[in-house]
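The values are calculated or read from the model by the stated rules, or taken from the named source; none is laboratory data. Everything numeric in this text was worked out from a predicted model, so none of it was measured. A quick note on method: Cβ atoms are made from the backbone with ideal geometry, for glycine too, and the neighbour counts reach across all protein chains shown.
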């Protein structure tokens, strides 16, 4: 079966799938076609979020030719990720203080990097993703 995935900014992609495919399988295929990471994808059917672990068949209204909407989620900032992690183990005040200290130290280390260092880091990251600089 073919599903059309409409991205809010206008592009559309056609994905070949089966009833046994999971929503995550669709997202992986969409990542290959669109280069939008799976973790930034949110698929909607008539405004309702589709769960990654469910199959196409579990949504009775998904048929051949169904159009799904893709919302691209903004990734969390480093500060938010660090603070969320600290909150798992510490109280709010402690997690804020440690997050601030971490970010201050991180920013200081970034400031010490040369442009050559930054270019090498960027090249390494792109190479890991299979892209060229």
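Taking the criterion of being over 23 Å from residue 6 (Cα atoms) and assigned to a loop (DSSP other than H, G, I, E, B), the residues of segment 69-82 that qualify are 76, 77. For first residues located in segment 97-108 and over 13 Å from residue 78 (Cβ atoms), partners that are part of a helix (DSSP H, G or I) and lie 6+ apart or on another chain with Cβ distances below 6 Å form the pairs 98/86. Checked against the criterion of being part of a loop (DSSP other than H, G, I, E, B) and either more than 26 Å from residue 40 (Cα to Cα) or in contact (Cβ under 8 Å) with a residue 24 or more places away in the chain (or both), segment 83-91 has at least one qualifying residue. Residues that are at pLDDT below 95, over 24 Å from residue 126 (Cβ atoms), in contact with a helix residue (DSSP H, G or I) (Cβ under 9 Å, 6 or more places away or on another chain) and part of a loop (DSSP other than H, G, I, E, B) do occur in segment 59-68, at least one of them. If the condition is being surrounded by 16 or more Cβ atoms within 10 Å (Cβ to Cβ), free of Cβ contacts under 8 Å to residues at least 24 places away in the same chain and touching a helix residue (DSSP H, G or I) at 6+ places or on another chain (Cβ under 8 Å), then segment 1-27 contributes 13, 15.
With respect to the conditions (1) in a helix (DSSP H, G or I); (2) modelled with pLDDT of 95 or more; (3) surrounded by 12 or more Cβ atoms within 10 Å (Cβ to Cβ), residue 101 lacks only one, and its number is (3). Of everything in segment 22-50 that is in a loop (DSSP other than H, G, I, E, B) and at pLDDT below 95, the residue that is farthest from the chain's Cα centre (by Cα) is 46.
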